[in-house]
Amino acid sequence: MEIDPKDFNHRYEKLSTGHNYHFIDQYPQGDHNLNAPTLLLVHGFPDCWYGWRHQIKAWAMQGWRVVVPDKLGYGGTDQPKDIRGYTTKSLCADLVALLDLIGVDKIIFIGHDWGAFCLWRFCLWYPSRVRAVIALSVPFYPPAPEYVPMDEMIRQVPAFGYQKYLADPKSAAEIDQNIPVFIDVIYRSPRTGRDVPFVREGQLEALIKGQTPAPTKTDILSDEERAVYIDTFQKCGMYGPTMYYKTAKLRVEEEKEGKLPSSLPPTLPALFFWPRADPTCQPLHVKRMRKFVPSIEVVELAGKGHWLMVEAREQVTSKVIEWVETLVRQENERGGKTAVKARL
């Protein structure tokens, strides 16, 4: 059965940072336990709140509040022209302002792709606001001591070659003219053998410009879901979404100035979903992550590609429920022991 975007609690609010945000604020049915966790779900590129459509209500049914924004530049959220609005420092400040607006102190942060990268940085900028983290598809990368130019990064990791085109000022307008093709290229699963090579330098640009034959329709979205994405990006355009790929140098400068730590707090509960068939999620980077995220639990998903919320919807939804329930139970047990000690 198709999921209707209108069947969610949509909110539009102006944050203290000055940005107007659209977000889903899904409460559980019945009385809400004030001690129940609030989940903040943040999407990646190119996506929007709708990317979490299979998880929102399933997690709200556990008694949890589920908050899902359109990131800056996407969907119904503001699309400022200033590049500084798109650095992770600025994005994290927006998310803190959103939490303040809705009256939430600590969150379980769940992020995919750019949302996962933002999640890891949020833990460094605002560790006191995080109860636990769950990342999909993008592992933790420590703050870089120096800026690495795009060409050098691609030389080191050829699977990041697509980022050069997205960072190019002309890419947004070119993609805007070919949104259906763009969606069909990006939203694909490796399991059917119908995936389209686009991650290496020049491949995505050739597909968008028609220099490489256009692919068949996406194999992981229904016609109705595909229509939602096409409509969303035809309305908001690709200027905001592609701005994230232009911020690397600014991000390094801000993180050096902020003297961010290289690791997460050792006791912070952390879960990572690793799509083994995603070429952008390199095994070496996943293994290195353990050095910087001491408490990490890694769930390997063999044969799954980048879009885990769709390709592995059952595994992701159920594992998060199991993991969060265990986390809450352990917190309650520790709280009970602390209370007993205080009375003795």
**Q.** The lone exception for Y162 - which of (1) within 28 Å of A302 (Cβ to Cβ); (2) under 20 Å from the mean Cα position of the chain (by Cα); (3) touching a residue at least 60 places away in the same chain (Cβ under 8 Å) it fails
**A.** (3)
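When region 238-268 is examined, which residues are found to be among the charged types (D, E, K, R) and assigned to a helix (DSSP H, G or I)? Before you say what the answer is, go through the steps one by one.
To start, the set of residues in region 238-268 that are among the charged types (D, E, K, R) comprises 246, 249, 251, 253-257, 259.
If the condition is that a residue be among the charged types (D, E, K, R) and assigned to a helix (DSSP H, G or I), then K246, K249, R251, E253, E254, E255, K256, E257 are the ones that fit.
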Q.
Just the residues that are of a type in the set (A, V, I, L, M, F, W, C) and surrounded by fewer than 19 Cβ atoms within 10 Å (Cβ to Cβ), please, taken from region 100-124.
A. L101, I102, V104
**Q.** The one condition in (1) farther than 23 Å from A132 by Cβ; (2) surrounded by fewer than 14 Cβ atoms within 10 Å (Cβ to Cβ); (3) among the β-branched types (V, I, T) that T247 fails to fulfil
**A.** (2)
Q) Restricting to region 317-327, what's the tally of residues that are in contact (Cβ under 8 Å) with a residue 24 or more places away in the chain and surrounded by fewer than 20 Cβ atoms within 10 Å (Cβ to Cβ)? A) 6
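Can you pull out the residues in region 219-235 that are among the small types (G, A, S) and within 21 Å of P190 (Cα to Cα)?
Quick first cut of region 219-235, residues among the small types (G, A, S) only: 222, 227.
S222 - this is the single residue of region 219-235 that is among the small types (G, A, S) and within 21 Å of P190 (Cα to Cα).
For region 297-316, what are the residues that are surrounded by 15 or more Cβ atoms within 10 Å (Cβ to Cβ) and in contact (Cβ under 8 Å) with a residue 40 or more places away in the chain?
Of the residues in region 297-316, the ones surrounded by 15 or more Cβ atoms within 10 Å (Cβ to Cβ) are 298-299, 301, 304-313, 316.
Result: K304, G305, H306, W307, L308, M309, V310, E311, R313, V316.
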Q | Candidates F23, F8 - the one that is more than 19 Å from the chain's Cα centre (by Cα) and of a type in the set (F, W, Y) | A | F8
Q) Scanning for something in contact with a Pro (Cβ under 6 Å, 6 or more places away or on another chain) and within 26 Å of P143 (Cα to Cα), does region 25-44 turn up at least one residue? A) no
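Where residues in region 269-322 are β-branched (V, I, T) and not in a strand (DSSP E or B), which of them is farthest from Y162 (Cα to Cα)? Talk me through it step by step, then tell me what you get.
Going through region 269-322, the residues β-branched (V, I, T) turn out to be 280, 286, 293, 296, 298-299, 310, 316-317, 320-321.
Next cut, not in a strand (DSSP E or B) only: 280, 286, 293, 310, 316-317, 320-321.
On the way: T280: 10, V286: 20, V293: 27, V310: 22, V316: 27, T317: 29, V320: 30, I321: 34 Å.
Here the answer is I321.
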(Q) in contact (Cβ under 8 Å) with a residue 40 or more places away in the chain and either touching a Lys or Arg at 6+ places or on another chain (Cβ under 9 Å) or more than 27 Å from F198 (Cα to Cα) (or both): is that true of I220 in this structure? (A) yes
Q) Can you find even one residue in region 252-263 that is surrounded by 15 or more Cβ atoms within 10 Å (Cβ to Cβ) and within 19 Å of the chain's Cα centre (by Cα)? A) no
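Just wondering, is there one or more residues in region 227-250 that are basic (K, R) and within 17 Å of L91 (Cα to Cα)? Give the derivation first.
Taking region 227-250 and keeping what is basic (K, R), we get 235, 246, 249.
Right, trim to within 17 Å of L91 (Cα to Cα) and you get 246, 249.
Yes, region 227-250 contains a residue that is basic (K, R) and within 17 Å of L91 (Cα to Cα).
The numbers here are math on the coordinates, done by the rules we state, and not lab data. As the structure is a computational prediction, the values presented were derived from the model and not from experiment. Here the Cβ is made from the backbone with ideal geometry for all residues, glycine too, and neighbour counts use every protein chain on show.
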